[in-house]
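Computed from the coordinates by the stated procedures, all read-outs in this text should not be read as laboratory data. Just so you know, these numbers come straight off a predicted model, no measurement behind them. With ideal geometry, Cβ positions are generated from the backbone for all residues, glycine too; neighbour counts draw on all protein chains shown.
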């Protein structure tokens, strides 16, 4: 599950993420991070579901980090998409593919939010929510 974590000035210098990795034993992967002395925001991939994910979320919240579940990594407007495939080859993890009818399909589980596909789309049919 992908989560957006927002750190406040009070907790941006604390090792919150590493503490939670040690407590849970889950290999939490940082997909995107913007951190300064005053605040921080990260997108992480947590390999957990159900109660295990609830536990991770609770640990972040107890540490003063705001947690928002990312339901959709990127969105493809299939009415705008012309199935040109310009987004397929630049994807570093092959999260976007074309099927036998040449329709573009997204595997959200593989997507790492690099957003290369957003910039590659010539008709702006792909966007980040």
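Figures for the structure shown
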read-out: Residue list for segment 43-67, filter: in contact with a strand residue (DSSP E or B) (Cβ under 7 Å, 6 or more places away or on another chain) and either surrounded by 15 or more Cβ atoms within 10 Å (Cβ to Cβ) or closer than 11 Å to residue 1 by Cβ (or both); value: 43, 44, 45, 46, 57, 60, 65, 67
read-out: Search result, residues across segment 30-42 that are outside any loop (DSSP other than H, G, I, E, B), free of Cβ contacts under 8 Å to residues at least 60 places away in the same chain and surrounded by 12 or more Cβ atoms within 10 Å (Cβ to Cβ); value: 33, 35, 40, 41, 42
read-out: All positions within segment 80-94 that are within 21 Å of residue 70 (Cβ to Cβ) and in contact with a strand residue (DSSP E or B) (Cβ under 6 Å, 6 or more places away or on another chain); value: 87
read-out: Residue in segment 88-101 that is out of contact with any helix residue (DSSP H, G or I) (no Cβ under 7 Å at 6 or more places or on another chain), touching a residue at least 60 places away in the same chain (Cβ under 8 Å) and part of a loop (DSSP other than H, G, I, E, B) present; value: no
read-out: Subset of segment 73-87 [assigned to a loop (DSSP other than H, G, I, E, B) and under 18 Å from residue 109 (Cα atoms)]; value: 73, 74, 87
